[in-house]
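Here the structure is laid out as structure tokens; the discussion comes afterwards.
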Amino acid sequence: MRTILLAAAASLAAATPALANEARVEARGGVVWSQGDSEAIAGIAAGYDYDLGSAAFVGAEVSADKILTDGTRVTFGFNGRGGAKLGDNGKLYVVGGYNTKNCEFCDGTWTLGAGYQHAFGNLYGKVEYRHFFVKDGLPDFDAVAVGLGTKF
């Protein structure tokens, strides 16, 4: 009887689709630009993605990024993302959230963007675009970054 119950439990577990909820950490770098000027950026991020079935996901992310020039601060981001799973390894997503101020006299900014992430086993690479909506009559700015991370 015990063998039959174990076999039934094993077949039920095998028939259940695997969930890919995953935590991730990454290092990233890229370029930020506005009105013809550009600067390098570098940062780190950590997040967690939740499955919404076999084709979609949502997630949360915290980050710390710095424009690599004098007079800027590390900006902390609090973002959400969601999108489509493309096969076993790809994720196409939209991302948005809030970033703290990146200079002494700046305000925090809201962001909106999109990206693609591709897994290589437990490692992944990604490319992401973000638009930063700046207040107080200052010009908005844009950024493109590439990241390399691990998921677990």
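The values are calculated or read from the model by the stated rules, or taken from the named source; none is laboratory data. Here the structure is a predicted model, which means the values were calculated and not measured. Cβ: placed from backbone, ideal geometry, glycine included. Neighbour counts: every protein chain shown.
Quickly run through region 65-93 and pick out the residues that are in contact with an Asp or Glu (Cβ under 8 Å, 6 or more places away or on another chain), aliphatic (A, V, I, L, M) and farther than 18 Å from W33 by Cβ. Once the filter is applied, which keeps residues that are in contact with an Asp or Glu (Cβ under 8 Å, 6 or more places away or on another chain), aliphatic (A, V, I, L, M) and farther than 18 Å from W33 by Cβ, region 65-93 yields only V74.
Is it the case that region 98-113 has a residue that's out of contact with any Phe, Trp or Tyr (no Cβ under 7 Å at 6 or more places or on another chain), at pLDDT 95 or above, farther than 15 Å from R81 by Cα and not in a loop (DSSP other than H, G, I, E, B)? For region 98-113, residues out of contact with any Phe, Trp or Tyr (no Cβ under 7 Å at 6 or more places or on another chain), at pLDDT 95 or above, farther than 15 Å from R81 by Cα and not in a loop (DSSP other than H, G, I, E, B): absent. Residues that are out of contact with any His (no Cβ under 8 Å at 6 or more places or on another chain) and either surrounded by fewer than 16 Cβ atoms within 10 Å (Cβ to Cβ) or not hydrophobic (A, V, I, L, M, F, W, C) (or both) within region 122-133 comprise N122, L123, V127, E128, Y129, R130, H131, F133, listed in sequence order.
Remark: pairs (first residue in region 43-54, in contact (Cβ under 8 Å) with a residue 40 or more places away in the chain; second residue of a type in the set (S, T, Y) and part of a strand (DSSP E or B); Cβ separation under 8 Å; 6+ apart in sequence or on different chains) = G43/S63; A45/S63. Looking across region 124-150, just one residue is assigned to a loop (DSSP other than H, G, I, E, B), touching a residue at least 24 places away in the same chain (Cβ under 8 Å) and more than 11 Å from T109 (Cβ to Cβ), and that is P139. Candidates D107, D88, D136: the one that is loosely packed, with under 13 Cβ neighbours inside 10 Å, touching a strand residue (DSSP E or B) at 6+ places or on another chain (Cβ under 9 Å) and acidic (D, E) is D88.
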